[in-house]
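Pasting in a structure now, in C-alpha cells, and then I'll have a few things to ask.
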Amino acid sequence: MSGSPYAGLGKVDISTRARWLAPLSIIIGSLTVLVPFKASFPILPPLGLMMLLAWRLHRPDLLKPWAPVLLGFADDLVSGQPMGSSMLFWTVSFIAIDVLDTRIVWRDFLQDWLLAAGAISLCLIGGRLVAAPLGAHVDTVLLVQVLVSIALFPVLSRLVARLDGKRGVQ
Amino acid sequence: MAPPRNRRPGFSRRAQYGLFISYVIAAGGALVGVVLLLLSTFHPPAFAAVRGTFSELVTPVASGLDWTRRGLSGIPAGIGSYFGVRSENAALRAEVEANRKLVEEARIAAYDNKRLRALLKLRDRIAAPVVTARLVYSTGSSTRRFATLNAGSWQGVRAGQPVSSADGLIGRLVEVSPNTARVLLILDPESVVPVRRVRDGLPAIAAGRGDGLIEIRSAGAAQILFDQGDAFVTSGTGGIFPPNIPVARVRARARDTAEGVIFASPDTLDYAVVQQAYFPEAGAVRAPEAAPR
C-alpha cells in the first residue's frame, strides 16, 4: 500500500491530532509567563493569543467560535490582566476574523498577517485600557510590545503549520 | 492562494442551526467576559480564589524553571570564583583588617543608640519577618506588574504584608493562596508608597509608572527640587510598609515630580523577605484596593 503512488488518496485532508493539540498549544502559549524572568515592564509577547490566531488562520474550521471564551479565561488566570479581558477581546477578534473571512475570498499570507496584526493590536491596546490607569506611562513600551508581537507572528504561524503535521496523515 | 475552508455549512439545516448556536454561545461568552470585567473593576478581589487555585497548580512548574535558571546562571560565576579564590582570599583578609576599626565604632554607636533610646522611653514597633521565599514568575505580557511568591497562607503569609529584599522594597502582597501569593510590585502603575528623602526627611510619594521606573512626587510642599541621586526610604506612613526600607533613587534633576530608579530589581533578587505589616489593622483595610482584577 505504502509503495503505491496513490496512497492516501481519498482520505480526509486534515490531521486529527490538531483537535487536541490546538487548545493545548494555545494554553502552553498563555503559560509562557511562567518563564523565570521578573519583568519590570511589559516585554513578553502575548503568545497564547498569537497561537490562537495562528491556529485560526491556518485551520479556519478547527476551533469552534466559542473556543476563545474558554481559552481566554485560562489566559486571564495567569496573565495578570483583569478577569474577563482576554475572554472578551479574544472572542471579539475571533468573530471579527470570521466576518472578514466571508468578505475576503482569495487570500495570501500577507492578508493573514494583517488580520493577525489587527487582532493583536486590538487585544493588547484593549487590555491596556481596562487594566492600567489611563495616566500610566506604559504606552511606549506597549507599542514596542505590539510591534514585536506582530513581527513574531510568522514564526508562530510556521510553528503551527509544523504542529498541525503533514496533511492526510491520520 | 485558494480560499480557506470556511464555516459555511451548505444546505443542511441541522448544520446551519449548529453554526448559528455556536455563534450565539460565542457572543454570550463575550458578554460574560464583559460582566466579569465589570465585576473585577468594581470589586477587585472577586476572583482571588479562582486565580489562587490555578496559581497553586502552575507555581510548582515555575519554581522548577526558576531553579533551573538559577543553577545555569550560577555556573560561570562558580568557575570564575574557583580560579580567583586565592587572590580573593588575600583581598578579603586585607579588607577585614581595614574594616576592624570601623566595625568597632559602629558597635559602640549601635550600643549608644540603644541606651539613649531606652533612656528616652521610645517604643519602637518592629516589623518581624514572616518568611523568606523566592519570587518565581511575573506577569511579563501584561501592563500590570505582579509577581508570584512561592509561599502562602500555610507559611503565615497574609495579604497586605510588605515584601522586600536586602537591597530595598519590592512590593506588597495582594492575594494569598495556601502555597503561593501575588505581590504587587512597587513598579505597578497602581502602587503607591509613602516615602521620605534620606537627606532631610522630606515626605514624598513613590508611585509606579508601569515602564520600569518610579515617579517620585513631593507630598505637601510645592517647588521642591529633587537632585540626581537623592535616595528615598519608606516613611512608615499608612501602616503597611515599615519605615527605613530603601525604595528608589532619583535619576535626573527635576522639580516636584522626578523619575526614580528602584534599588531592588525584582529580577536579580535572590530571596524576598515578607515582613509583618507595620500596623496590621491598617493593612487589612488597604489591601483590597490594589488587588489584581
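What follows is calculated from the coordinates using simple rules that are stated; it is not laboratory data. Note that the coordinates shown come from a computational prediction; the quantities given were computed from them, not determined experimentally. Cβ placement follows ideal geometry from the backbone for every residue including glycine, while neighbour counts extend to all protein chains displayed.
In deg cm²/dmol, rounded to 500, what helix-only [θ] at 222 nm does chain A give when every DSSP H run of at least 4 residues adds -39500 (n - 2.57) and the total is split over its residues?
Taking each H run of at least 4 residues, the total per residue is -21000 deg cm²/dmol.
Okay, next question. Roughly what percent of Cα-Cα pairs across the protein assembly as shown reach past 33 Å? Each step should come with its number before you reach the end.
Values: 50630 of 106953 pairs.
Pairs farther apart than 33 Å: 47 percent.
Considering only the other residues whose Cβ falls under 15 Å of the Cβ of B:Gly71, what net charge follows from Lys and Arg at +1 and Asp and Glu at -1? Show your work: numbers first, answer last.
Details: positive: B:Arg69, B:Arg70, B:Arg134; negative: B:Asp66, B:Asp270.
Local charge sum for B:Gly71: +1.
For the Cα atoms of chain A, what angle does the longest principal axis make with the long axis of helix A:18-30, in degrees from 0 to 90, nearest 10?
Approximately 20 degrees, to the nearest ten.
Next question. Per DSSP helix of 4 or more residues, -39500 (n - 2.57); summed, then divided by the residues of chain B. What does that give at 222 nm, rounded to the nearest 500? The partial results should precede the final answer.
Numbers: 4 runs with 109 residues, N = 293.
Result for chain B, helices only: -13500 deg cm²/dmol.
Using C-alpha positions alone, give me the convex hull volume of the range A:41-150 per residue in cubic angstrom.
94 Å³
Using Cα atoms only, what is the angle between the long axis of helix A:47-58 and the major principal axis of chain A, expressed in degrees (0 to 90) to the nearest 10?
30 degrees
In a shell of Cβ-Cβ distance under 13 Å around B:Val274, excluding B:Val274 itself, what net charge do Lys and Arg (+1) and Asp and Glu (-1) give?
+4
In degrees, nearest 10, range 0 to 90: what is the angle between the Cα axis of helix A:67-79 and the longest Cα principal axis of chain A?
Roughly 40 degrees, rounded to the nearest 10.
If you don't mind, there's one more thing I want to ask. If the cut-off is a Cα-Cα distance under 12 Å, which aspartates and glutamates reach A:Lys64, setting aside same-chain residues fewer than 8 apart in sequence?
A:Asp98
Around B:Asp227, with a cut-off of 9 angstrom between Cβ atoms, what is the net charge of the other residues, counting Lys and Arg +1 and Asp and Glu -1?
+1
For B:38-47, what's the mean count of beta carbons from other chains sitting within 10 Å of each residue's beta carbon?
3
Also, I was wondering about something else. Taking chain B as a Gaussian network, Cα atoms linked when under 10 Å apart, which of B:Val35, B:Val195, B:Val247 shows the biggest mean-square fluctuation?
B:Val35
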